[in-house]
Amino acid sequence: MIRNYLKLAFRHLFRKKVFSFINIFGLTAGLISCILIGLYITDELSFDTFNTKADRIVRITMDYKRGNAGTPRHFANTGLRPGPRFQQVFPSVEAYTRVIKINPLVTYGEKQFTEKSFLCVDSTFLQIFSFPVLSGDPHSLDNRDNIVVTASAAKKYFGTTDAIGKVLRVNDTKNYTVGAIVSDPPGNSQVQFDFLINFKDVTKGLTESWWTANYITYLLLTSPGQIAPLQQQVNTYMKRPEIIKEAGLQGTDYLIYNLEPLKWVHLHSPLQGFEPNGNIIYVYVLAVIAILILVIACFNYTNLAIAQSANRTGEIGIRKVLGAGKSQLFTQFTGESLLITFLALILALIISIQLLPIYNNLTGKHLVAGDVLRVRPLAAILLTGLVIGLLAGSYPALVLANTRLIQILKSGFRITGGKAGLRKTLIVVQFVISLFLIITTVVILQQMNYIRKKDLGLDRDHVVVVPISYKILNRYDILKTTVSSLPGVQSVSGSYNLPISAGWGDGLSARTEHGPVSFSITAIPSDLNYLSTMNMQLVAGSDFTKADLPANTAGADTTRPRYRYIMNETAIKELGWTPQEALGKLVNKGEDLGIIKGVVKDFHFASMHQPIGPLMLFADTQWVRNMFVRVNGAGLPSTIARMETTWKQLIPARAFEYHFLDDDYNRLYTAEQRTASIFTVFSSLAIFLALLGLFGLAAITTIQRTKEIGIRKVLGANLMNIALLIARNFVVLIGLSILIAAPLAWLASAKWLEGFAYRVQVQYWVFLAAGAAVLVIAFATVSYHAIRAGRMNPVESLKTE
């Protein structure tokens, strides 16, 4: 019996090649989408779960406000004090580790690299996190002369993982002995590193403070249930009078520490650590997209199976006459559905594995074939295929199995009433999903384009960033002078941090005509020519000169202004002055007294998710860690080559490294850019599948109306009349889809845009354009079949039964 069913199923597949292709291709595409998106979601949800103590690890974040005009500030970083203090005060804290990332020069023999994944950590780091030690002493970080390296870093420098006892020189200042080799951190770890050294070796001489928030702090608790109680205890502790005094808080100032569970941070925290966070909203959205694409593919199959039923009335009638019961017919047609689904499933698995390299480039993941072929993913995929086969095939099977023999003998099988209503409903749902995805994708792309083109208040294009370590600061001035004279170089300056990721927090206070004012401010220590190099616009005052450097002002005399400050418009507004009124006024940055020399137009020094806050620039070259070189757009490779030659002549001991400022800016929106790319791909797939289903359905409808078309043509109908006849019902259904999809897409787009302080407006023309485009494509798709039928000889059409 089963063999007979398989024969019939394969005969039907080969006899209806076009519709079989549409069904198999549609289900394959839907399953590929589910597999790929499922892998992405699984990876996102698995972040940090490899840590055996993950349920007991929390990250400390810092919220504070200082001054009567201050705005609340939120940081993932803390000062040096919270970790050791909380372990000392609260019994539920078993251990802590503080982490700071540096970019030192690492040397071994002739090999020399500036490392981007170099962490300074407390010695408890490897006891808190689960990074397996492959060889060496797990407690080697207790010795400040030791260094821990990953397996890949060991192979990079030594050519082997047998590297215990070998010596690496860091920043040309100290030799470290390799004490342990650990496994490379997995891709789903928030903490990524290649090297670890003892935290206290680089922070010696620094006093523990609640402030100077430059460190990520993790706590290991005694049990998972202690997180909520400890949070309450920390809140109470930070309100104690002696702690308020210790932190230097006054009036409405506050300092709050929040505990974020480790496994919660990646998808839920708005504060990034060393690695970009994900977003749980994007995970939900991608899950919905996968389901919607699969729904479209299933609807295609159901629609086409119902529509093709009219061509199988002879088969059904003969089988019923020969004694086939409803259960046998249901089994046959459900089996055909499962066969098609099984074929699609095999193709989907093969194609998904082949697409993984492309998909990794799109998503930034590191997925491999083994992620698909593990037992649990395979079981989930097979179960999904079984459910799809049953759900997509059961209704057509019921329709065919329940067909009464008398109906077939009288007039053949026809799809009328409720069945036609269901078919129309499925078409509407398909295009509602497709239009929803198209509109939301267009809005996302508009926002990303807005971010790329918005006036930042600075010009990030054609700016080369060259890292400068404190070890070569004594050569910085001559390097700057020499590079400035190179052909193709327009301007050179430097600063502590990048202008679009300023993280230096400080307190500002001043006595104004309205009384004392104080608030938190972001500060950027910079070199001369900073404004001209970044093409920033002065609103009032003048730029820094050599006379404004601390060495040329008041020296150690704290009663005289040591600094000259250039402040942005937002800071001046919070002080209650106009730009012209602010010039020459005295303000304090912490304990540093200075004079406002200029006011710069507001510029974005953080992501557009955040509004522009108060900011100041102060000239101090001892803090320069990045040199910025503005170059001409023409002849860029030769300009870079000349810069490299100059670097090697002046600083031969260190390799020349550079990147472009716009690359740093683009990294601020990595999650959004990847989401936009994923949306674009899968939204395009959704509309393609919907149109593919419409193509097949229109073909069947046209075949069923061949005789009618022939009669109308004999009576004088032209090709346009015939095309409108066939397309009319489909166009009406798509029009209804537009009316339903538009408000849903508007609500979703508006909600997503709320996450940006600076955003585009959702414009009505997006809805009109998307709807019109779908209508035109759908009309063309349906008309293709209608015109083909209309061009047939009426004699042949009228012979059709």
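The calculated P(r) of segment 561-677, using every Cα pair and 5 Å bins from 0, goes 2, 9, 13, 14, 14, 12, 14, 12, 8, 2, 0 in percent. Under 16 Å from a label point set 7 Å out along the Cα-to-Cβ vector of Thr207, the amide N atoms of segment 248-281 belong to 248-249. Ranked by the mean number of other Cβ atoms within 10 Å per residue, highest first, peptides 152-159, 243-250 order as 152-159, 243-250. Shape class for segment 607-651: oblate, because the ratio a/c of the largest to smallest gyration tensor axis (alpha-carbon atoms, square roots of eigenvalues) is 1.5 or more and b/c is at least a/b. Legend: calculated FRET efficiency, Ala634 to His366, from the Cβ-Cβ distance at R0 = 41 Å, rounded to 0.05, equals 0.60. The candidates Cys120, Cys298, arranged from most to least accessible area with a 1.4 Å probe in the full protein assembly, appear as Cys298, Cys120. The Cα atoms of segment 166-220 give a gyration tensor whose axes a ≥ b ≥ c have a/c of 1.5 or more with a/b no greater than b/c, which makes the shape oblate. Against the empirical 2.2 N^0.38 Å (N residues), segment 149-267 has a Cα radius of gyration ratio of 1.46. In terms of the Cα gyration tensor, with a ≥ b ≥ c the square roots of its eigenvalues, is segment 142-181 rounded because a/c is under 1.5, prolate because a/b exceeds b/c, or oblate? Note, shape of segment 142-181 comes out oblate. Can you give the net charge of the other residues whose Cβ lies under 10 Å from the Cβ of Ile227, counting K and R as +1 and D and E as -1? Around Ile227, the surrounding residues sum to -1.
For Ala95, the residues whose amide H sits under 5 Å from its own are Leu220, ignoring neighbours fewer than 5 places away on the same chain, with H placed 1.01 Å from N.
The values are calculated or read from the model by the stated rules, or taken from the named source; none is laboratory data. None of these values were measured; they are calculated from a predicted model. Quick reminder, even Gly has a Cβ in these numbers, built from the backbone with ideal geometry, and neighbours come from all protein chains shown. Accessible surface areas use protein heavy atoms only, side chains included; no ligands, DNA or RNA. Shrake-Rupley method; radii C 1.70, N 1.55, O 1.52, S 1.80 Å.
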